[in-house]
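Notes to accompany the following structure.
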Amino acid sequence: NWEVAFSPLSKDATKAVGIFQQTDLHIIGTFLTETGDYRYLEGQQGFFNKISLSCFDGSHAFLFTGKVKGDSIVDGHFYSGSHHHETWVARRNDNFQLRNPDSLTYLKPGFTKVDFNFKNLAGKNVSLQDEKFKNKVVIIQIMGSWCPNCMDETKFLAPFYDKYNSKGLEVVALAFERTDDFNKAVSNIQRSKTRFDAKYEFLITMKTGKDQASEALPMLNEVMAFPTTIYIDKKGGVRKIYTG
């Protein structure tokens, strides 16, 4: 485990946990951040203790380089796609942890419940007040088909829903697609539903990005990550909100 700082000398500096496993010169691992992880990175240690880790998941291309110096990694560079670049450093620290993901997004003072009203893939308005959700445990998945971590979560939630739906569980996904075309958004989500055989409800918010997600759910202090997962009990109370 490594304590990582991205853009360490800037006002936009952020922390992460680096988890790496090395066999001979072969390295696998990832970076955990408060908004998600960089998924399945793989690479090697080369001459002069230089390391490189990369991945391409069909949507994102990532490359991390650095130099191991004792219990530190120095001269780190992170490249995303063809345009993004920032520096990073790290040091071995098995005790370093990020903030509790249950504490980052929460209900604003004066609010006790979450509510929404968006169209499903058939164009029908769906609200959390609908009979379908009454007296049931509900998991709200704030997601987008463009988001790899959201796809990882959908892969988990699809069989979870199949197993527990008959026992009183509902799952509803609020999709924040990168388009203002309803039919295009439906097509994107339907492709994800089919891929993961997800039988739960997906709603098209017609909004994009974290700022608009916060506007769509004004009872929350902020939506800082995709996915964000809200757990609601049978009485409609919010039990937990998990970020990332």
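The figures follow:
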{"read-out": "Hey, Asn183 assigned to a helix (DSSP H, G or I) and surrounded by 16 or more Cβ atoms within 10 Å (Cβ to Cβ) or not", "value": "no"}
{"read-out": "Subset of region 124-144 [open to solvent by 30 Å² or more (accessible area, probe 1.4 Å), touching a residue at least 12 places away in the same chain (Cβ under 8 Å), in contact with a strand residue (DSSP E or B) (Cβ under 9 Å, 6 or more places away or on another chain) and not hydrophobic (A, V, I, L, M, F, W, C)]", "value": "Gln129, Lys132, Lys136"}
{"read-out": "Pairs with Cβ under 8 Å, 6+ apart, first in region 228-244 and at positive phi, second of a type outside the set (A, V, I, L, M, F, W, C) and open to solvent by 20 Å² or more (accessible area, probe 1.4 Å)", "value": "Gly236/Lys113; Gly244/Thr33; Gly244/Glu34; Gly244/Thr35; Gly244/Asp37; Gly244/Pro101; Gly244/Asn149"}
{"read-out": "Yes/no for Glu215 being of a type outside the set (A, V, I, L, M, F, W, C), open to solvent by less than 40 Å² (accessible area, probe 1.4 Å) and not in a strand (DSSP E or B)", "value": "no"}
{"read-out": "Check on Asp102, under 20 Å from the mean Cα position of the chain (by Cα), farther than 24 Å from Gln21 by Cβ and not aliphatic (A, V, I, L, M)", "value": "yes"}
{"read-out": "Looking only at region 11-40, and only at residues there that are touching a residue at least 40 places away in the same chain (Cβ under 8 Å) and not aliphatic (A, V, I, L, M), the one that is most open to solvent (accessible area, probe 1.4 Å)", "value": "Lys15"}
{"read-out": "Residues (under 15 Å from the mean Cα position of the chain (by Cα) and not aliphatic (A, V, I, L, M)) located in region 215-244", "value": "Glu222, Phe226, Pro227, Thr228, Thr229, Tyr242, Thr243, Gly244"}
{"read-out": "The listed residue being aromatic (Phe, Trp, Tyr), closer than 30 Å to Lys134 by Cβ and open to solvent by less than 50 Å² (accessible area, probe 1.4 Å), out of Phe78, Phe116", "value": "Phe116"}
{"read-out": "Failed item in (1) modelled with pLDDT of 95 or more; (2) open to solvent by 60 Å² or more (accessible area, probe 1.4 Å); (3) assigned to a loop (DSSP other than H, G, I, E, B), with Phe96 passing the rest", "value": "(2)"}
{"read-out": "Scan of region 41-65 for residues that are assigned to a loop (DSSP other than H, G, I, E, B) and either open to solvent by less than 40 Å² (accessible area, probe 1.4 Å) or at negative phi (or both), ordered by number", "value": "Gly46, Asp57, Ser59, His60"}
{"read-out": "Subset of region 145-172 that is part of a helix (DSSP H, G or I) and over 27 Å from Lys184 (Cβ atoms) - its residue that is most open to solvent (accessible area, probe 1.4 Å)", "value": "Lys167"}
{"read-out": "For Leu32: the one exception among (1) more than 30 Å from Glu215 (Cβ to Cβ); (2) modelled with pLDDT of 95 or more", "value": "(1)"}
{"read-out": "Thr105 of a type in the set (S, T, N, Q) and open to solvent by less than 50 Å² (accessible area, probe 1.4 Å)", "value": "yes"}
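Residue-by-condition table, conditions (1) closer than 22 Å to Arg39 by Cβ; (2) at pLDDT 95 or above; (3) in contact with a Lys or Arg (Cβ under 8 Å, 6 or more places away or on another chain):
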{"residue": "Arg178", "(1), (2), (3)": "yes, no, no"}
{"residue": "Ile189", "(1), (2), (3)": "yes, yes, no"}
{"residue": "Phe196", "(1), (2), (3)": "yes, yes, yes"}
{"residue": "Lys207", "(1), (2), (3)": "no, no, no"}
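The values are calculated or read from the model by the stated rules, or taken from the named source; none is laboratory data. What you see is a predicted model; the values in this text were computed from it and never measured. Ideal geometry is used to build each Cβ from the backbone, glycine not excepted, and the neighbour counts take in all protein chains shown. These area figures cover heavy atoms from the full protein model, side chains too; ligands, DNA and RNA do not enter into them. Shrake-Rupley method; radii C 1.70, N 1.55, O 1.52, S 1.80 Å.
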